[in-house]
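J.: If you scroll down you'll find the structure; I have some questions about it.
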Amino acid sequence: MTNTSDIHEAEPAVDANAGDYHQAPDQILGAPPGCPVNHSWDPLGQSYMADPYPIAAALREDHPVFYANEVGYVVVTKMADIETVFTNPDVYASSNVQDPLYPLDPRATEVLQAPDFDPIAVMSNRAEPDHARIRVYTRAGFSNRRLKGLEGYARDRANFLVDQMLATDSPAEYVKAFAFPLPAEIVFRFIGFPPEDDSLIKGWCVERKTFSWGKPTPDRQVAIADHMLEYWRYCREFTANRRDNRTDDFASELLDAHDADNNELSYREVESIIYGLSFAGHDPVTNLLCNTLLCLLPRRDQWDALCADPSLIPNAVEETLRYESSQIAWRRVTTQDTTLGGIDLPAGTRIFLNFASANRQPDLFESPNEFDIHRPNAGRHISFGKGIHYCLGQGLAKMEARVALETLVEKAPTLHLVEDQDLTVFPNITFRGPESLLVSWE
């Protein structure tokens, strides 16, 4: 296997501004002077986890910009202010989007100080001008040619998984049967990971969600840190193997670009892209596939409309992203003193962007708390962000959701949600979808 440490030494030094991938805060910062303070709202609280939307609306009406004492972030609730943050990256940096929400236990920090744990910011958390340089290569991987090939693969796998589910006794657990494996198989084949490693990688990714967007106990932090180190080492070993054994996959394309000019794309940046994409490319999509059914199946008139006219499916996906988004928040940090929504924010202020509020803002969406597959401006949502960090994989995610629904309305038009099931979501501030979902059919 290739000695990756030798590769690093042979290349130009990585930009010092690249930043660490998971930089935990040293402390919870206090409220900026003059900023309204909310002492009770907890984005990880049980009531907010169960249904964030009415609480988010009340927060927006109370104070559009406020400080949440529980997490030490200034919360932004209105679409215009969120768009201001996204479109001014020099003022609102993305460097903290993958960071733990709270300070880490020293034992976990020690694990992640292993000399070979060195992923660097590359996409969602990298600043300009390097972000634009790297995005040239990541965007190229999502070419029309490759997406077209992935759609064929997605359709084949969707048909197989639905047929397999329908061959079992009703009801079935939809996450395990379909929503969990499909997005992982697609993005892992896209990257080039071997199928036999799917379950292992998926498990690591769930722990990353807890680590960066949840509140694990100190002992859990240590266990997760150990697994994250294994995860990073796996990505490094995979990249080294692919360096010597190229195929038709995204990892090989990145390595080809690196070989062409290692000043434009470093080897460690290739490793870090693979590390980042292996999470971002599937976990939120699993939530999206579940949320479409949560929105559609209880509304039989709208489900039946899709069965009769599948051309309505793309807008139904957009409406799901607005009404029951698989990503309800994101983060930024100010790089300089600024003013947002009439509130003065000093440099270093951590920002919490509340998509759950903005996506149901009544002056932007008529009857915002109603789900409507015919909504003309359903795509006005902010669920994929905006500006230079607009989600690179949004086209892939929408394609997967569309293919999933097309397959289900054709093969399982009588699909229903099992009544009175206990729906729970994984406790974190950003990604939202049921951990399990029971469906039945006639």
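J.: Residues LEU288, LEU293: which one is part of a helix (DSSP H, G or I), closer than 17 Å to ALA184 by Cβ and either at pLDDT 95 or above or more than 10 Å from the chain's Cα centre (by Cα) (or both)? So that I can check it myself, show each step before the final result.
T.: Details: LEU293 fails: closer than 17 Å to ALA184 by Cβ.
From the options LEU288, LEU293, the qualifying one is LEU288.
J.: Determine, yes or no, whether ASP99 is within 23 Å of PHE355 (Cα to Cα), part of a loop (DSSP other than H, G, I, E, B) and either of a type in the set (D, E, K, R) or in contact with a Leu (Cβ under 7 Å, 6 or more places away or on another chain) (or both).
T.: Criteria met by ASP99.
J.: Moving on to the next point. Restricting to the stretch 387-432, what's the tally of residues that are farther than 15 Å from PRO183 by Cα and among the aliphatic types (A, V, I, L, M)?
T.: Adding up the residues that qualify gives 11.
J.: Could you figure out which of (1) under 21 Å from the mean Cα position of the chain (by Cα); (2) hydroxyl-bearing (Ser, Thr, Tyr); (3) in a loop (DSSP other than H, G, I, E, B) isn't true of TYR48?
T.: Of (1) under 21 Å from the mean Cα position of the chain (by Cα); (2) hydroxyl-bearing (Ser, Thr, Tyr); (3) in a loop (DSSP other than H, G, I, E, B), only one is false for TYR48: (3).
J.: Could you tell me how many of the residues in the stretch 391-442 are touching a Gly at 6+ places or on another chain (Cβ under 9 Å), of a type in the set (A, V, I, L, M) and within 23 Å of GLY379 (Cβ to Cβ)?
T.: 3
J.: How many of the residues in the stretch 26-65 are touching a strand residue (DSSP E or B) at 6+ places or on another chain (Cβ under 9 Å), over 30 Å from ALA108 (Cα atoms), among the hydrophobic types (A, V, I, L, M, F, W, C) and touching a residue at least 60 places away in the same chain (Cβ under 8 Å)?
T.: Of the residues in the stretch 26-65, 4 are touching a strand residue (DSSP E or B) at 6+ places or on another chain (Cβ under 9 Å), over 30 Å from ALA108 (Cα atoms), among the hydrophobic types (A, V, I, L, M, F, W, C) and touching a residue at least 60 places away in the same chain (Cβ under 8 Å).
J.: Can you list the helices (runs of 4 or more DSSP H) lying wholly within the stretch 311-411 that have 2 or more residues being within 25 Å of LEU147 (Cβ to Cβ)?
T.: Correct list: 313-323, 394-411.
J.: If you scan the stretch 115-134, which residues turn out to be of a type in the set (Val, Ile, Thr) and under 16 Å from SER212 (Cα atoms)?
T.: ILE120
J.: Further question on the same structure: Please state which of the following conditions SER278 fails to meet, knowing it meets all the rest: (1) assigned to a helix (DSSP H, G or I); (2) at pLDDT 90 or above.
T.: It fails just one condition, (2).
J.: Of the conditions (1) crowded, with 17+ Cβ neighbours inside 10 Å; (2) touching a residue at least 60 places away in the same chain (Cβ under 8 Å); (3) over 23 Å from the mean Cα position of the chain (by Cα), PHE365 satisfies every one except a single condition; which number is it?
T.: It fails just one condition, (2).
J.: For the list (1) touching a residue at least 60 places away in the same chain (Cβ under 8 Å); (2) touching a strand residue (DSSP E or B) at 6+ places or on another chain (Cβ under 8 Å), I need the number of the one condition that ARG139 fails.
T.: Evaluating ARG139 over (1) touching a residue at least 60 places away in the same chain (Cβ under 8 Å); (2) touching a strand residue (DSSP E or B) at 6+ places or on another chain (Cβ under 8 Å) leaves (2) as the failure.
J.: Among the listed residues ILE343, ILE351, ILE429, which satisfies the condition of being in contact with a strand residue (DSSP E or B) (Cβ under 7 Å, 6 or more places away or on another chain) and either closer than 23 Å to SER278 by Cβ or at pLDDT below 95 (or both)?
T.: From the options ILE343, ILE351, ILE429, the qualifying one is ILE429.
J.: Can you tell me which residue within the stretch 255-265, out of those that are outside any loop (DSSP other than H, G, I, E, B) and of a type in the set (Asp, Glu), is nearest to LEU392 (Cα to Cα)?
T.: As a first pass, look at the stretch 255-265 and keep what is outside any loop (DSSP other than H, G, I, E, B): 255-260.
The next check asks that each one be of a type in the set (Asp, Glu); those that pass are 256, 259.
Working: ASP256: 20, ASP259: 23 Å.
Of everything passing the filter in the stretch 255-265, ASP256 is nearest to LEU392 (Cα to Cα).
J.: Does THR338 satisfy being in contact (Cβ under 8 Å) with a residue 60 or more places away in the chain, surrounded by 14 or more Cβ atoms within 10 Å (Cβ to Cβ) and under 19 Å from TYR73 (Cβ atoms)?
T.: For THR338, the condition - in contact (Cβ under 8 Å) with a residue 60 or more places away in the chain, surrounded by 14 or more Cβ atoms within 10 Å (Cβ to Cβ) and under 19 Å from TYR73 (Cβ atoms) - is met.
J.: With among the hydroxyl-bearing types (Ser, Thr, Tyr), surrounded by fewer than 18 Cβ atoms within 10 Å (Cβ to Cβ) and either assigned to a helix (DSSP H, G or I) or in contact with a Cys (Cβ under 7 Å, 6 or more places away or on another chain) (or both) as the only criterion, which of SER212, SER252 stands out?
T.: SER252
J.: Another question about this same structure. Suppose we keep only residues that are small (Gly, Ala, Ser) and outside any helix (DSSP H, G or I) within the stretch 150-185. Which one would you say is surrounded by the fewest Cβ atoms within 10 Å (Cβ to Cβ)?
T.: Across the stretch 150-185, the extreme among qualifying residues is ALA167.
The values are calculated or read from the model by the stated rules, or taken from the named source; none is laboratory data. Bear in mind that the values here come from a model prediction, so they are computed numbers and not experimental data. Ideal geometry is used to build each Cβ from the backbone, glycine not excepted, and the neighbour counts take in all protein chains shown.
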